[in-house]
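Report on the structure given below.
Rule-based calculations on the coordinates, nothing more; no lab input. Computed from a predicted model, the values in this text were never measured in an experiment. A quick note on method: Cβ atoms are made from the backbone with ideal geometry, for glycine too, and the neighbour counts reach across all protein chains shown.
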Amino acid sequence: MTSPEAKKQIHELIDKINYHSDLYYQKNKTEISDFEFDQLLEKLSQLEKEFPELKLPDSPTQRVGGTITKDFPSVVHQYPMLSLANTYSPEELKDFDTRVAKGLDGEPYEYFCELKFDGVSISLKYENGILIKGITRGDGVRGDDVIANVKTIRSLPLKIKSKNVPAQFEVRGEVFLSKEAFKKLNKEQEDIGEETYANARNTASGTLKMQDSTEVAKRKLDCYLYYLLGEENNTQTHEESIKKIELWGFQVSQTYKKCKNIDEVLKYIDSWEKKRNELPLETDGVVVKINNLRQQEQLGFTAKSPRWAIAYKYKAESISTRLNGITYQVGRTGAVTPVAELEPVFLAGTTVKRASLHNANEIARLDLRIGDFVFVEKGGEIIPKVTSVDLSRRDEKLKPAQYITHCPECGTKLIRHEEEANHYCPNEKGCRPQIIGRIVHFIQRKAMDIDSLGERTIAQLYDLGLVKTPADLYDLKKEDIMRLEGFKELSTKNLLQGIEASKSVPFEAVLFAIGIRFVGKTVAEKLARYFKSIENLSAAHAEQLLEAPEVGEKIAQSVFVFFQDKGNQREMARLKKAGLQFESSFKEPEKLSHVLQGKSFVISGTFQNYERDQLKDIIVAHGGKVLSSVSGKLDYLVAGDNMGPAKREKAEKLNVKIISEQAFEALLK
């Protein structure tokens, strides 16, 4: 393909991808499947790798990440990002209205109300219609530019297509994790045996500051915009500004309303107090603004906040109910989680019977006693949590709750590692919920994808003695399955076909499915592609494992210990005999030359003409080897912008040659 042909195809793909993105995010419609959309994106990515000089700054491939940022540049806000004054009472809101009336000398005014989303404030700067900066609030005067991570948010336009867009403007909004995305993220944490995240807001904040934008892209952050700034905007009211950014393709929550007076504002607040629980993200209040921009300017600012806006915060709904008991759940990794069993109570739109207690430290902190009346909140948590004890109703005869010492399922004595908050049951081969949990993990969609199996069926298979490990699934016969409750000829046939079909699942998914602790889907893919086969991986020492991408001490040790276990070795042999894929079909980039043969490289920082993955492919295509860490055996450290000082210092100390992007290109010639 010639460069002009590639350029034409790239532009066509970008237009098509942007069209379908706009349909999905702005009009809530779809014309193609997720798979078809991903295929378009993959085709574009391949063309950009073949013709890097044609990659555009607003390409949709920016959204999948690939940039590593060690230090985020600090940027002074052109317009300070002040916080809003808060109130929790209608009376204080009426006092605010009185101050506004006085400040405007009796001139008529109206309000604009928006829900206050529980996320992270962001300021987006555009020049000539292209997104160039994404700056966090910071201290209000100065924030961090996290543009590589912001670009992964698919609902944000990287380039404004509308006409008459100002040469420069700024739009502000709230970055958030939806309830669904947060739930999925915590499920993935459980899958690899890590602690779940406490709330969506803090998780979104941490995600925006992650160094690897590829990982950020996987978390599916989203953003609502609510404020337009700039000297060429030519709008008279905040409402006009909102309509304008909607027209430009920004995602604006359709929950806003213009209100004639403070009474209408209070009605708006009341109308959303319960209704907000139905929204796809967490909210914690309402922002009330003067609509007219000239009047905003007239009212001005205090040292900390504008006089023309205020945030009404909903009180986190908290309710007192009786603690009837504490039960303990055992997960597939053996982690034991205490759960408060409550007298059922209606809270934030649902009936709550159970609430999280997290771990032994939390039970001790709350000084819980069975029979106490406890306060329960839902807030931004994934499940309700106990926040405190109603001491005014405590019966002094009650005794402090004692955390269990033995597994509630198998009776094994619990262990607790010094650096971890959770207790664990070490009986991984004989504890029922751990065994069932591992098999449920094995068959899930991202792993072996046996959709005709479910947790209830697996529990039945286990209790009948038919399946004790994942390998047992491949020994099942028709007569075994017919013993299960509810299984007839057709359902039995479907299950056997589903198990047979799973044998074609690629090695990357199989490695994730076997459930090595701390090995999530991404790490499993990296390990499978790096070691290429289960034989190579199982024979690797901890030091060799550390050379693989994305692998640190904790993961390396976990993988090494897993493959040293005789029982695990037998299980892998059985799975291999059953016909599962234990070699990666991933193809290395096509060899273009041997000019880098025998040379090893570490890549660090960000680059002008390449993504990091592109550089890795180029090195391999020319015969070189890419390593993840600096050592005395390394030939070159390819240093980009914002490279972390630790790698450079180590390279200098070990006399490793440090080369620039341009020097690397010279090597290829």
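If each of Asp475 and Gln557 carries a label point 7 Å out from its Cα toward its Cβ, how far apart are those two points in nm?
Roughly 3.4 nm, to one decimal.
Which of the peptides 531-543, 293-305, 238-250 is most tightly packed, and how do the rest follow, going by the mean number of other Cβ atoms within 10 Å of each residue?
Most protected by this proxy first, the peptides run 238-250, 531-543, 293-305.
Of Lys125/Lys161; Lys275/Lys385; Lys55/Lys669; Lys183/Lys566; Lys161/Lys446, which pairs sit farther than 26 Å apart, going by alpha carbon to alpha carbon?
Lys183/Lys566; Lys161/Lys446
Would you kindly enumerate the cysteines in the chain that have no other Cys beta-carbon under 4.7 Å from their beta-carbon?
Lone cysteines by the Cβ rule: Cys113, Cys223, Cys259.
From the Cα gyration tensor of the chain, with a ≥ b ≥ c the square roots of its eigenvalues, which class applies: rounded if a/c is under 1.5, or else prolate if a/b is larger than b/c, or else oblate?
Verdict is oblate for the chain.
If amide H atoms are built 1.01 Å from N in the plane of the peptide, which residues on other chains or at least 5 residues away come under 5 Å of the amide H of Lys116?
Close amide H contacts, sequence-distant or interchain: Asp284, Gly285, Val286, Val287.
Would you kindly derive the ³J(HN,Hα) couplings of region 220-235 from the backbone phi angles with the Karplus curve 6.51 cos²θ - 1.76 cosθ + 1.60 (θ = phi - 60°), listing them in order in whole Hz, with x for Gly and Pro?
6, 5, 9, 8, 10, 9, 8, 7, 10, 10, x, 7, 10, 7, 6, 10
Rounded, prolate or oblate: pick one for region 1-141, where a ≥ b ≥ c are the square roots of the eigenvalues of its C-alpha gyration tensor, a/c under 1.5 means rounded, and failing that, prolate if a/b is larger than b/c, else oblate.
prolate
Multiplying the sequence separation of Lys315 and Glu420 by 0.36 nm and subtracting their Cα-Cα distance, what value in nm do you get?
Additional length available on full extension: 34.5 nm.
Where Lys and Arg each count +1 and Asp and Glu each count -1, what net charge lies around Ser629 among other residues with Cβ under 9 Å from its Cβ?
+1
Starting with the highest mean, order 111-123, 36-48 by the number of other Cβ atoms within 10 Å, averaged over the residues of each peptide.
111-123, 36-48
Report the FRET efficiency, 1/(1 + (r/R0)^6), for Ala364 and Thr2, where r is their Cβ-Cβ distance and R0 is 56 Å, rounded to 0.05.
0.20
Enumerate the amide H contacts of Leu347 below 5 Å, restricted to partners 5 or more residues apart or on another chain; note that Pro and chain-start residues carry no placed amide H.
The list, which skips near neighbours in sequence, is Val352.
In region 507-578, what is the volume of the convex hull around the alpha carbon atoms, normalised per residue and reported in Å³?
Output value, Cα hull per residue: 74 Å³.
Using the Cα centre as the reference, give the magnitude of the dipole from point charges on the C-beta atoms of the chain (Lys, Arg: +1; Asp, Glu: -1; all else neutral), rounded to the nearest 20 debye.
Its charge dipole is roughly 740 debye.
Sort the following peptides by mean Cβ neighbour count (other Cβ atoms within 10 Å, averaged over residues), highest first: 471-477, 661-667.
Highest mean packing first, the order is 471-477, 661-667.
For region 236-248, take each phi angle, set θ = phi - 60°, evaluate the Karplus expression 6.51 cos²θ - 1.76 cosθ + 1.60, and give the result in whole Hz per residue in order, putting x for glycine and proline.
9, 9, 5, 4, 4, 4, 5, 4, 5, 5, 5, 5, 6
Residues in region 569-585, backbone N under 13 Å from the label point at Ser533 (7 Å along the Cα-to-beta-carbon vector): list them, ranges by number please.
Under cut-off, by backbone N: 582-585.
Give me the net charge of His406's neighbourhood, meaning all other residues with Cβ under 15 Å from the Cβ of His406; Lys, Arg count +1, Asp, Glu -1.
+2
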